[in-house]
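Single-structure report; data block below.
The values are calculated or read from the model by the stated rules, or taken from the named source; none is laboratory data. Given the structure is predicted, the values throughout are model-derived calculations rather than measurements. We place every Cβ from the backbone using ideal geometry, glycine too, and count neighbours over all the protein chains shown.
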Amino acid sequence: MSVIASPSWADWADSQYAEVIRPLPANLEVQAQNPPAFSWAKFISRTPPTSYKLEITKGGVVYQTITTPWNVYLPSKQFPAGTYTWRVLPNTGTEWSTPRSFVISAASKVFEVPENDALRAAVLAKPHPRMLPADFKPVKSWSPELVNARGTALALLKKDTLAQATTFVLANDASWPVTSTTPSAARQLYINDITRVIGQNVRQLEASALLFRLTGEAVYLNEALRRGDALAALNPSGMTSYVNHDIATRSIMVSLAKGADILNGDLDATRKANWMASVKARVTPMYTDLISNNYRLDERPFDSHSTVAVGYVAAIASLTLGDIPEAQTWFDFSIRRYINSVMVWSGPEGGFGNGTAYGMFAADYAMQLWQPIGAATGVDIYKKPWSTGFANYFAQFLPPGAPGNTFGDAHEEYLYLPQLKAYMSRIATPAAAWYVQNVKTSESPITLLQAPFPLPVDTVAIAAPPPNAAVFPSIGWVAMHSNLADRARTSVFFKSSPYGSYNHSHGDQNSLVIDSGGRRLLTEAGYQDYYYSPLGVSWYRQTKSHNAITYGGGIGQVTTEGSNNLKYKGKITAFSTTAAVDYAEGDATLAYSQPITSAIRKVWYLRNQDVVVVLDKMASSTAQTFEWNMHAVAPYTQETASSVKVTNVDRSLCIRSLSTDGTRWERRTGPANPGKVEDHGVFIKPAAATSAEFLVVLDVNCKRAPVSISNTSSGRVLKVGTTSITLPK
């Protein structure tokens, strides 16, 4: 299912603007979640509607009629299995939206979210500390099993927290004079320093409060109070304000809310009032922004910072209901909105279209927010079908032993393995259990010690890896592995995404990444010094820095049109998997501007040969010279005019063009990536033409099996070793 479906523009509920929310569910798709969420574009009229009538029918009979003030609606009760059709009518119009259909089947997982009044009552009925699980116990009451499972984490957290009490400086406004908000490399370093110090103080407050609740030792209470007082004293209009540093302000406000919740009964009235006043001062401008323009995210949800901010407001409101009068307003606005759509970067099947690095950041946010929300409200977001799909996404695209991130901003950053393990530990599936058993790291003690016991993943009877190949259609990603259970696996990642080059995504539709044996063999080039920097715009986000097709000396897909980048997109148009061969096809035509009229890439992974075959067909309204870009983390060695080899430590990749039209290899250059080796090259056509075909074989570990092509009446047969595949003419 795609959250960015191709619009027909035949009815008002389906906007012509790419950044506007799409009408869903649709296309007779089986829903991952029961009940599904409904969405549609807002009705545009001289008098904006104050409500919509949503009509849901089953078998030609009206099943439900709902009146809602919003253009997003999540039913609170599951639907019986069957096929449904829905339409919507604004109260200021007479035209119903086009009917759309969907299916609820046995595969649709039940996930019910009560209405706001029921959720609010559940929160208010739970005394502080609300954020800790119902089975939370002080250390003196731990069972031998709990001591065995978490005793090491407790000792480590105590040791680190005591040491960091003296090494982590107190947050202080005097260290951070207010500066210009104009983006620059220098400002990014300044922001990074603030982020680091705030993170240290937030960590100390939360760790110390938790340790005091676990042990009763005054040293931890004193440290928590010291850090909380320092954070509460920061000027909410200074450099940690919502305007200047939204990440810092949300960290401060949620940490103060958590600290006050955990320390309830041990905060004097004056101190608690100061902490709550700071929380209110920081939430207020965030909330005001989120509800601006008639609840702007309901209409235009693709805003990475603001969608996360809704989650912070939901968590804080859950912890401060009854303590801050405005918290009820915050709660009613945020809680069901956030649970309904925790992340907008995929459809209900899970995934993260902005790339695995930002997916890891999202998993970290989940660890910070879902525990307090779930404990306070009783709604376990980890049981949401999307959350299970998110775990499957990590298993496929960041499997144990993966050498790095894939696609999107920060693809060059290190892996957040403790956070990934923590997230996967909250998912009770065989795939998550396999992942947790095979990731060689430990979860952070601060999240482990506030988690339920046993962890959900520990309740799974049998651990098992997911399939060796998978497609996530709503984000346009495909993973193909030689053997996912083997850390020495070969992994082929292919992307053709409906999210285009928007936000943290790049102009990399129909691009590839290849790993083998924990080594990256076909990589993405460059690094990000700061968001949308000149370096980022000219190289890092460009098609030419990815393993994809350009023309005319590096001209690629559109990446510089703001929200319109959503229009310059790709799509997975075919996927199949067998024991011997995986296949995927992407259409990136829309990702390019004129003169490109067609951009189709077909990818086969021949599992038995450990070989990747890539067939590209390009077309243009004017003659162009096309280029097949490739990038590596070690130098290329040219073997012939149309073949190269790259070796990364103990793994190699031989890349050979099978085109017979004079296609040749050329080395290219790119901006230096500090501290890293990168090499770049292209297969380039010998002359400009209105169409081009590239046929490329990528031989993992350069086994050099025989390759032959024969013509048939309907196409061509390519044989690599003992495996044959059929190619179109």
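No other residue among THR726, THR647 is assigned to a strand (DSSP E or B), without any contact (Cβ under 8 Å) to a residue 40 or more places away in the chain and not assigned by TED's automatic domain parsing to the domain that holds GLY526 apart from THR726.
Each row is one residue, and each column tells you yes or no for (1) of a type in the set (Ser, Thr, Tyr); (2) assigned to a helix (DSSP H, G or I); (3) under 22 Å from SER444 (Cβ atoms); (4) modelled with pLDDT under 95.
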| position | (1), (2), (3), (4) |
| --- | --- |
| LEU156 | no, yes, yes, no |
| ALA163 | no, yes, yes, no |
| LEU170 | no, no, no, no |
| PRO183 | no, no, no, yes |
| ARG187 | no, yes, no, yes |
| THR195 | yes, yes, yes, no |
| ALA209 | no, yes, yes, no |
| PHE212 | no, yes, yes, no |
| ASN222 | no, yes, no, no |
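Per this entry, ASN294 is counted among residues that are more than 17 Å from LEU321 (Cα to Cα), assigned to a helix (DSSP H, G or I), among the polar types (S, T, N, Q) and in contact (Cβ under 8 Å) with a residue 12 or more places away in the chain.
Where in segment 394-473 are there helices (runs of 4 or more DSSP H), lying wholly inside it, with at least 2 residues that are over 15 Å from the mean Cα position of the chain (by Cα), farther than 19 Å from PHE136 by Cα and assigned by TED's automatic domain parsing to the domain that holds PRO348?
417-425, 430-438
Filtering segment 135-148 for residues that are under 27 Å from ALA327 (Cβ atoms) and touching a Lys or Arg at 6+ places or on another chain (Cβ under 9 Å) leaves a non-empty set.
Counting the residues of segment 61-89 that are more than 20 Å from SER334 (Cα to Cα), assigned to a strand (DSSP E or B) and not hydroxyl-bearing (Ser, Thr, Tyr) gives 9. Of all the criteria given as (1) assigned to a loop (DSSP other than H, G, I, E, B); (2) within 39 Å of the chain's Cα centre (by Cα), the one not satisfied by HIS680 is (1). Restricting attention to segment 309-321, does a residue exist that is among the aromatic types (Phe, Trp, Tyr) and either under 24 Å from GLU112 (Cα atoms) or in a helix (DSSP H, G or I) (or both)? Yes, segment 309-321 contains a residue that is among the aromatic types (Phe, Trp, Tyr) and either under 24 Å from GLU112 (Cα atoms) or in a helix (DSSP H, G or I) (or both).
For segment 692-710, the criterion of being farther than 23 Å from GLN609 by Cβ and of a type in the set (S, T, N, Q) is met by no residue. Just one of the listed residues (SER708, SER643, SER652) is surrounded by fewer than 15 Cβ atoms within 10 Å (Cβ to Cβ) and polar (S, T, N, Q), namely SER708.
For segment 347-379, which positions are under 12 Å from the mean Cα position of the chain (by Cα), on the phi < 0 side of the Ramachandran plot and not aromatic (Phe, Trp, Tyr)? Matches in segment 347-379: GLY347, GLY353, ASN354, THR356, ALA357, GLY359, MET360, ALA362, ALA363, ASP364, ALA366.
Listed here are the residues, each with its yes/no results for (1) at pLDDT 95 or above; (2) surrounded by 19 or more Cβ atoms within 10 Å (Cβ to Cβ); (3) under 30 Å from ALA375 (Cβ atoms).
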{"residue": "GLN437", "(1), (2), (3)": "yes, no, yes"}
{"residue": "LYS440", "(1), (2), (3)": "no, no, yes"}
{"residue": "VAL478", "(1), (2), (3)": "yes, yes, no"}
{"residue": "SER491", "(1), (2), (3)": "yes, yes, no"}
{"residue": "LEU512", "(1), (2), (3)": "yes, yes, no"}
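Scanning segment 224-274 for residues that are of a type in the set (Asp, Glu), closer than 26 Å to LEU132 by Cβ and touching a residue at least 24 places away in the same chain (Cβ under 8 Å) gives ASP229, ASP261, ASP266.
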